[in-house]
Structure formats: C-alpha cells, structure tokens
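> Let me give you the structure first, and then I'll get to my questions.
Just so it is clear, none of the values below were taken in a lab; they were calculated from the coordinates. For clarity, every value in this text was computed on a predicted model and none was experimentally measured. Virtual Cβ from ideal backbone geometry, glycine too; neighbours counted across all protein chains shown.
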Amino acid sequence: MKKRIALLGSTGSIGTQALEVIQNNTDLFTAEVITAQNNADLLIKQALEFKPDTVVIGDESKYQLVKNALKAENCKVYAGTDALCQVVELDNVDMVLTAIVGFAGLKPTLKSIESNKPIALANKETLVIAGELVTKLAKEKGVNIYPVDSEHSAIFQCLAGEFHNPIEKIYLTASGGPFRGKNITELQNVTSHEALKHPNWTMGAKITIDSATLMNKGLEVIEAQWLFNLKPEQIDVIVHPQSIIHSLVQFQDGSMKAQMGLPDMKLPIQYALGYPARIKSDFPRFNFVNYPQLTFEKPDLNVFKNLSLAYEAMKKGGNMPCIMNAANEIAVSLFLNKQIRFLAISELIEKCMGKITYIPHPTIDDYYLTDKETRAFAESIG
C-alpha cells in the first residue's frame with residue numbers, strides 16, 4: 001500500500017526535492033496534501049502534476065487564484081494557517097513532512113503529533129523553539145519523528161542497531177559555508193549575493209544565510225539535543241569543507257560511526273519517508289578516488305559568533321532558544337533586504353537574548369508571546 005504524504009511547504013527547496021523523491025517512487029508514495037505560503041504559481045503547477053487530494057495556500061489573498069486554476073481538478077483547495085493545521089488531521093494522510101521554514105512550522109507539527117501522524121521533520125526550528133514540549137508530546141502519543149536534516153539523518157542512520165548502546169558524543173559536520181577561513185575585517189562588507197553562494201548545497205535563501213553565519217549549525221546542535229536526548233557537552237561541531245561525512249557518533253567503547261555520501265538532500269528525505277527501508281535510487285555515487293583528501297578543522301567562534309550564541313541558548317534552556325531563533329529570523333530577513341550588515345546579524349541576536357524576558361519553564365502560549373515580543377524588538381533596533 002502506498003504511503004500518503006502531507007507535504008507542508010511543497011514549493012521550497014526541501015519540498016520540491018521531496019516531490020522528486022515521490023515522483024521517482026510512485027509505487028511507494030503519493031503526495032496527498034501539498035501546501036505553500038506564498039508561491040501560488042508553483043503550487044498550482046505541482047497540483048496539476050501530482051494530483052493531490054488537498055491543496056493549501058497560506059496567503060488567503062491568493063485563494064481565489066489557486067481555486068480557479070484548479071477548478072477542473074478533483075482536489076480540495078483551502079487557505080490560511082488554520083487550514084494548514086486541519087489538513088494534517090485527515091484520515092487519508094499517513095505521514096507529514098514538515099518543510100515550512102521557521103517558527104511557522106511549530107503549530108502544524110504539534111497538530112500532526114496530536115493526530116498521531118509520524119513526522120518527517122525538515123523544520124529544525126520546531127525543536128529549537130519548543131523541543132521539550134514537542135518531544136514530550138511525541139512520546140505521550142507514541143509518534144515517531146524522523147529527521148530530514150542531512151546531519152541528523154546521518155546520526156539516526158549511525159544509530160541503526162545501536163539504540164541499546166549509550167552515545168558518548170556526536171559530531172555534527174559543517175561545510176563552513178562560503179566564508180570559511182575569513183576574518184572579521186574581511187566580512188565587514190560582504191553582500192547577500194556573496195552569502196547566498198553555498199559551496200556544496202543547494203538550499204533556500206534563509207538556510208543558506210544561516211549556513212554562512214553558522215547559525216544553521218547552532219540550530220542543528222539544539223535540534224540534536226532533543227532528537228537524541230543529549231546533554232550540551234555531548235554535541236560537538238567540526239568543519240568538514242567537502243561535506244562528504246554528514247555526521248558521526250562516538251560510543252562509550254571509543255568506537256565511531258560515520259554516515260557518508262555526496263551532498264544531496266534527496267537521500268535523507270527518501271530515508272525519512274521510507275524508513276526502515278533503504279529504497280533503491282539512481283542518486284550519484286560517492287567515489288573515494290575523486291576525494292583523495294577529507295579535511296577537518298575547528299569552527300572559528302570568534303568570527304562566527306552565532307554558533308556560540310546557540311550553545312549559550314541551549315545551556316540556558318527555557319524560552320532562550322525561542323528568543324534566539326526569532327531574532328535570527330528577523331536579522332536574516334533584514335540582511336537579505338540590505339538593511340543591516342552581515343556581522344550585525346550576530347549583534348542583533350545577542351541584544352535580543354540580553355533584553356527579552358527569560359522564562360525558565362515556558363508554556364506553549366509563552367513561546368508564541370516570546371516569538372512576537374522578540375520579533376518586534378529586533379525590528380525596532382534593526
């Protein structure tokens with residue numbers, strides 16, 4: 001029987017690659033629900049090609065456009081944030097792939113868990129913001145969360161057959177982004193155009209900037225804490241410019257496991273959708289001869305302060321990661337719109353972390369208020 005997927009964020013980088021995986025495995029998967037926030041044109045094109053049961057456009061002003069374009073199709077069309085949360089409850093959905101960027105992914109992810117739907121998680125911010133709350137709910141409901149991030153997928157794959165063996169430490173690898181090796185002086189006047197040139201991965205704009213600042217790795221460190229039930233001191237980051245080793249696990253006997261492969265997001269997407277099976281693919285294969293050297297180095301925390309800020313937020317806990325995430329989302333947006341400099345991203349985040357009220361044991365409502373308050377403050381000083 002085919003697995004029916006609700007794909008939240010089908011027009012983004014992860015979403016479009018997930019649809020490629022589905023297209024290449026039509027005997028195993030169907031795109032039952034597809035959603036987008038703003039990109040109505042691509043959403044319409046995807047709906048015409050993949051024939052989903054349900055389509056959701058987040059921007060309510062584009063509802064009529066989508067509805068009219070799909071009136072000849074046998075699919076339901078909805079609009080708005082509430083609809084996004086309602087479609088994951090549908091009986092004809094077997095799994096939810098959350099590929100929405102940022103804080104917006106939290107609510108539909110929680111609703112998916114409440115509806116007992118297994119999650120393929122590409123929205124790392126969900127666990128960064130409210131990891132304790134999300135993982136607790138998933139445990140109560142018996143819902144599995146399968147990581148889609150390449151690094152967390154790598155850890156998950158390394159743990160196959162090892163779940164009874166305690167983890168001593170994990171190493172998340174980072175490419176170093178487009179500015180690896182540069183000093184603060186060299187980064188004073190870099191442009192968004194330069195920051196968007198990732199050396200190894202093809203990703204959306206927000207995550208590409210996060211990679212350039214190393215905030216992406218900071219978010220992944222916090223995500224790993226909740227996915228694998230780790231303490232901060234058990235998570236390390238190592239810069240690996242070739243992006244061949246995606247992450248490593250070290251066990252208590254000193255043995256290490258690494259997951260390797262060419263940098264291609266379709267592989268971790270496919271692994272999450274098809275788990276526990278390894279589905280045959282025609283993805284390009286890694287050849288050692290083409291990579292005679294695999295190198296590793298420490299991240300420069302003096303230049304790339306965001307990684308230090310993420311560790312600080314993780315150790316503090318409570319709503320601090322939520323503050324950091326909201327500040328970062330605003331800072332990245334301001335940088336992409338040429339309103340602040342590259343180095344000001346870290347400065348803005350640090351100011352927010354020092355200013356916004358810290359709550360050690362936040363409720364779900366506290367997270368929403370923290371996010372709103374942080375965004376308003378970040379915009380006022382940006």
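> Roughly speaking, what is the stretch gain from residue 68 to residue 336, that is 0.36 nm per residue apart minus the C-alpha to C-alpha distance, in nm to one decimal?
Here the segment from residue 68 to residue 336 would lengthen by 93.2 nm.
> Residue farthest toward the positive end of the dipole of the chain, with Cβ of Lys/Arg at +1 and Asp/Glu at -1: which of 361, 122, 178?
Of the candidates, 178 comes out farthest on the positive side.
> Rounding to the nearest 20 debye, state how big the charge dipole of region 3-147 is about its Cα centre with +1 on each Lys and Arg Cβ and -1 on each Asp and Glu Cβ.
For region 3-147, the charge dipole is close to 100 debye.
> DSSP beta bridges in region 126-280, what fraction antiparallel, as a percent rounded to 5?
Antiparallel bridges make up about 65 percent of those DSSP assigns within region 126-280.
> Treating only the Cβ atoms of Lys and Arg (+1) and Asp and Glu (-1) as charged, compute the dipole magnitude of region 317-382 about its Cα centre; round to the nearest 20 debye.
The dipole of region 317-382 has a size of about 260 debye.
> If r is the Cβ-Cβ distance from residue 364 to residue 160 and R0 is 45 Å, what FRET efficiency results, to the nearest 0.05?
Once rounded, the FRET efficiency stands at 0.85.
> In addition: For 296, 288, 377, 304, which order do you get if you count the other beta carbons within 10 Å of each Cβ and list the fewest first?
288, 296, 377, 304
> Taking the structure as given and computing Rg and Dmax of the Cα atoms in Å, which label from [x] 20.2, 62; [y] 25.1, 79; [z] 21.8, 84 fits?
Among [x] 20.2, 62; [y] 25.1, 79; [z] 21.8, 84, the one calculated here is [x].
> Ok, one more. Given H placed on each backbone N at 1.01 Å, which residues far from residue 29 in sequence or on other chains put an amide H within less than 5 Å of it?
3
> Which cross-chain or sequence-distant (5 or more) residues have an amide H under 5 Å from the amide H of residue 146, H modelled 1.01 Å from N in plane?
119, 120, 121
> Determine the calculated [θ] at 222 nm for the chain from helices alone, applying -39500 (n - 2.57) to every DSSP H run no shorter than 4 residues and normalising by the residue count; nearest 500 deg cm²/dmol.
My calculation for the chain gives -13500 deg cm²/dmol from helical runs alone.
> Calculate one ³J(HN,Hα) per residue across region 32-43 by plugging θ = phi - 60° into the Karplus curve 6.51 cos²θ - 1.76 cosθ + 1.60, and present them in order as whole Hz with x for glycine and proline.
Whole-Hz 3J(HN,Hα) from phi for region 32-43: 7, 9, 10, 9, 8, 7, 10, 7, 5, 4, 5, 4.
> From the phi of every residue in region 102-115, what ³J(HN,Hα) in whole Hz does the Karplus formula 6.51 cos²θ - 1.76 cosθ + 1.60 yield, where θ is phi - 60° and glycine or proline is x?
x, 4, 4, x, 5, 4, x, 5, 4, 5, 4, 5, 4, 8
> Where does each of 226, 201 land when they are ranked from fewest to most other beta-carbon atoms within 10 angstrom?
Ordered from fewest to most neighbouring Cβ atoms within 10 Å, 226, 201 come out as 201, 226.
> Now a separate question. What FRET efficiency comes out for the pair residue 42/residue 253, r = Cβ-Cβ distance, R0 = 41 Å, nearest 0.05?
0.25
> Starting from the Cα of residue 343, step 7 Å toward the Cβ, then list every residue of region 171-198 with an amide N under 17 Å from that point.
179-192, 195
> Oh, and also: Of all beta bridges DSSP finds with both residues in the chain, what is the antiparallel percent, to the nearest 5?
Antiparallel bridges: around 30 percent, rounded to the nearest 5.
> Check residue 259: other-chain or 5+ apart residues with amide H under 5 Å from its amide H, H built from backbone geometry?
Hits under the 5 Å cutoff: 246, 247.
> Can you pull the one-decimal nm distance between simple spin-label points at residue 60 and residue 26, each 7 Å off the Cα toward Cβ?
3.7 nm
> Same structure, new question: Step through the residues of region 161-177 one at a time and calculate ³J(HN,Hα) from phi using the Karplus curve (6.51 cos²θ - 1.76 cosθ + 1.60, θ = phi - 60°), rounding each to whole Hz and writing x for Gly and Pro.
x, 10, 5, 8, 9, x, 7, 7, 6, 10, 10, 8, 8, 10, 5, x, x
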